[in-house]
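Undergrad: Here it is, the structure, as structure tokens.
Coordinate-derived values only; no laboratory data. None of these values were measured; they are calculated from a predicted model.
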Amino acid sequence: MRALTFADVEQAVLWTAVLAVLLAIGIYVVGQIRAKALQQELSASELMTKFREMHSRGVLSDEEFRTIKTTLTDRLQSELRDTGGTP
């Protein structure tokens with residue numbers, strides 16, 4: 001059995017540092033991707049406007065629009081509470 005040398009310890013520390021740097025870069029990249037995805041998500045009011053336009057053009061039936069409107073109304077009220085607005 002061979003004894004550990006200073007070079008072995010030095011190499012282990014170097015590889016551990018490389019792994020830590022790669023892990024930090026990975027976490028940063030994932031964070032940036034998630035932040036962009038959240039910024040691109042439309043708010044409930046923007047979605048409501050788009051669906052209202054679709055309904056007026058006849059793309060959505062009255063029943064479909066009512067279902068979407070009910071769902072988005074809950075989300076819109078939640079967004080307004082989060083931002084301090086009034087529903």
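Undergrad: Which whole-number percentage describes the relative contact order of the chain, with Cα contacts under 8 Å and a sequence gap of 6 or more?
TA: Relative contact order here is 21 percent.
Undergrad: On C-alpha positions alone, give me the angle between the axis of helix 44-56 and the longest principal axis of the chain, in degrees, nearest 10.
TA: Helix 44-56 sits roughly 40 degrees off the main axis of the chain.
Undergrad: Show me, bin by bin at 10 Å from 0, the whole-percent P(r) of segment 4-45 based on Cα pairs.
TA: Histogramming segment 4-45 at 10 Å steps yields 25, 25, 20, 15, 10, 4, 1 percent.
Undergrad: Turning to a different aspect of this structure: With a bin width of 5 angstrom, please list the P(r) values of segment 42-87 as percents of all Cα-Cα pairs, from the 0 bin to the one holding the largest distance.
TA: Histogram of Cα-Cα distances, whole percents per bin: 5, 25, 28, 21, 11, 7, 3.
Undergrad: Report, to the nearest 10°, how far helix 6-40 tilts away from the longest principal axis of the Cα atoms in the chain, using its own Cα long axis and a range of 0 to 90°.
TA: Relative to the chain, helix 6-40 is tipped by roughly 10 degrees.
Undergrad: Taking the chain as the reference, fit the longest principal axis to its C-alpha atoms, fit the long axis of helix 62-83 to the helix C-alpha atoms, and give the angle between the two in degrees, 0 to 90, nearest 10.
TA: 60
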